[in-house]
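The structure under discussion appears below in the form of structure tokens.
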Amino acid sequence: MSTTGHIAPYLPPGAAIRYLRRREIDISRWDNCILNATSPLIYARSFYLDEMAAGQWDALVLDDYKAVMPLTWRSKFGIRYLYQPAFTQQTGIFSPAPVSPALVESFLQMGARHFRFAEIYLNYTNAHPGLNPHINFTLNLNAHYSHLCARYKKDLTRNLRLAQRSPLTYTKDFDLTAALRDFRHEYTSRLPAITKDDYRRFEALCRFLQKQDQLLTRAVLDGRDQPLCSAVFLRDTHRFYLLHSTTLPAGRTAEANHYLLDQFIREWAGSSMILDFEGSDHPGIAHFYGNFGGVDQPYFFYRRNQLPWPVRWLK
């Protein structure tokens, strides 16, 4: 029976998907596969998984690393299950070749042999009729700023005019500690699934990427040089990832977050980068990010529950 109910799995003759423990993975080949994939996302790099999954990840590997899928797992009551680590929006199957729905099915069926429960998000190249799409806005920054801002929605343009009436300053290299602290202060109660350990691991990841010149912090200050909002972006060769975006109470009335993202787009306009807004299915947030003229590049949710009763019912 098909894991997701629609597509028959298919592998070329002689091809095989192997299950590898973390210690068995050839990290050089793994990272090379991710870097050359049609979806070369930072979330699937070995250093990212080692930090955010606390080293508890295994993998499915097609042949000689022609396609790979990280398996981030936890264990409870002796049962291992797949979950999505904090600050890791999408993983799934990565390959330099196009990923077909049949290949997605093959990987999911193989994963189902090892995990009876899974709630994970597959990346934007893993489309499959049995998987639910989730919103993720992205903006290609390869055009001149005048062309990019011409695609802004009317209410964003209006809010930017309001922001320009205030003495706002867009600043680079804002203090990372302050940005992370403000995010936790403003949003911890709204994000109860993110633990103290998750925040600690994410900060360690940020410190590592900062040393690699793969982290940017930006902020908007008021006329007294007090922060109104801040943002933390991760970067790789192709993409900026908006991992943290914090608007303080005083920044809301000043439209500071609109101003920050507009200035970031102005800063990087004409580059070959993609700005990944990281969401969102929340109508208000989706509307906010959609105002910047990007496109929805959906990723996909996969859930499997073959736990024994009554554990299945409880979950």
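In angstroms, what radius of gyration and Dmax does region 1-119 have, counting Cα atoms only?
13.6, 39
Using r as the Cβ-Cβ distance of Thr38 and Thr171, and R0 as 35 Å, what FRET efficiency do you calculate, to the nearest 0.05?
Working: r = 36 Å, r/R0 = 1.03.
That pair, Thr38 with Thr171, gives E of 0.45.
Determine the sum of side-chain charges near Asp50: Lys and Arg each +1, Asp and Glu each -1, restricted to other residues whose C-beta is under 11 angstrom from that of Asp50.
+2
Once Lys and Arg get +1 and Asp and Glu get -1 on their Cβ, which of Ser75, Ala97, Phe115 lies farthest toward the positive end of the dipole of region 63-116?
Ser75
Compare His128, His258, His114 in a GNM of the chain, Cα atoms joined below 10 Å, and give the one with the largest fluctuation.
His114
At 7 Å along Cα-to-Cβ for each site, give me the label-to-label distance between Glu267 and Asp26 in nm.
Reported label-point gap for Glu267 and Asp26 is 4.0 nm.
Measuring from a point 7 Å past the Cα of Ile194 along Cα-to-C-beta, which residues in region 136-177 have an amide N at less than 20 Å?
136-138, 173-177
For region 249-307, take every pair of Cα atoms, bin their distances at 5 Å starting from 0, and report each bin as a whole percent.
4, 13, 20, 22, 16, 10, 6, 4, 3, 2, 0
For a label point 7 Å from the Cα of His238 along Cα→C-beta, name the residues of region 22-41 whose backbone N is under 20 Å from it.
28-41
Label Lys153 and Asp281 with points 7 Å out from Cα along Cα→Cβ: what is the distance between them in nm?
That separation, rounded to one decimal, is 1.9 nm.
With a 1.4 Å probe and every protein chain kept in, tell me what percent of the accessible surface of the chain is carbon plus sulfur.
Of the solvent-accessible surface of the chain, carbon and sulfur hold 52 percent.
Cβ under 10 Å from Leu176's Cβ, Leu176 left aside: what net charge do those residues give with Lys, Arg +1 and Asp, Glu -1?
Summing Lys/Arg as +1 and Asp/Glu as -1 gives -1.
Please state the charge dipole magnitude for region 1-123, taken about the Cα centre, from unit charges on C-beta atoms (+1 on K and R, -1 on D and E), reported in debye and rounded to the nearest 20.
Details: 12 positive and 10 negative charges, 75 e Å.
My answer is approximately 360 debye.
Taking a ≥ b ≥ c as the square roots of the eigenvalues of the Cα gyration tensor of the chain, is the shape rounded (a/c under 1.5), prolate (a/b larger than b/c) or oblate? List each step's numbers first, then the result.
Details: a/c = 1.97, a/b = 1.75, b/c = 1.12.
Prolate is the answer for the chain, as a/c is 1.5 or above and a/b outweighs b/c.
Taking the Cα centre as origin and putting +1 on Lys and Arg beta-carbons and -1 on Asp and Glu beta-carbons, what dipole magnitude results for the chain, to the nearest 20 debye?
For this selection, approximately 660 debye.
How about region 158-220: which trypsin sites (Lys or Arg not before Pro) there lie in a loop by DSSP and see at most 11 other Cβ atoms within 10 Å?
Counting only loop positions with at most 11 other Cβ atoms within 10 Å, the trypsin sites (Lys or Arg not before Pro) in region 158-220 are Arg165.
If you stretched the chain out fully between Ala102 and Gln214, how much longer would it get, using 0.36 nm times the residue separation minus the C-alpha to C-alpha distance?
Length gained, Ala102 through Gln214: 36.8 nm.
Quote the FRET efficiency, to the nearest 0.05, computed for Glu186 versus Asp64 with a Förster distance R0 of 35 Å and r equal to the Cβ-Cβ distance. Walk me through the numbers on the way to the answer.
On the way: r = 46 Å, r/R0 = 1.33.
The calculated FRET efficiency here is 0.15.
Can you count the Lys pairs in the chain with C-alpha separation below 25 Å, eight or more apart or on different chains? Please report the intermediate quantities before stating the final value.
Working: Lys76/Lys196; Lys76/Lys315; Lys172/Lys211; Lys196/Lys211; Lys196/Lys315.
So the count works out to 5.
Once both labels are modelled 7 Å past Cα along the beta-carbon direction, what's the Arg224-Glu119 spacing in nm?
4.3
Which helices, taking whole DSSP H runs in the chain, have alpha carbons extending 15 angstrom or more along the helix axis plus mean Kyte-Doolittle at least 0.5?
101-112
Compute the length gained on full extension between Asp296 and Ala15: take 0.36 nm times their separation in residues and subtract their Cα-Cα distance, giving the result in nm to one decimal.
Gain in length upon complete extension: 97.8 nm.
So if we plug the beta-carbon distance of Arg207 and Asn140 into 1/(1 + (r/R0)^6) with R0 = 35 Å, what FRET efficiency do we get, rounded to 0.05?
For Arg207 and Asn140, the calculated efficiency is 0.75.
The values are calculated or read from the model by the stated rules, or taken from the named source; none is laboratory data. Just so it is clear, the model here is predicted, and its values are computed rather than measured. Every residue, glycine as well, gets a Cβ built from its backbone with ideal geometry; the counts of neighbours run over all protein chains shown. Remember, those area values only see protein heavy atoms, side chains included, never the ligands or the DNA or RNA. Shrake-Rupley method; radii C 1.70, N 1.55, O 1.52, S 1.80 Å.
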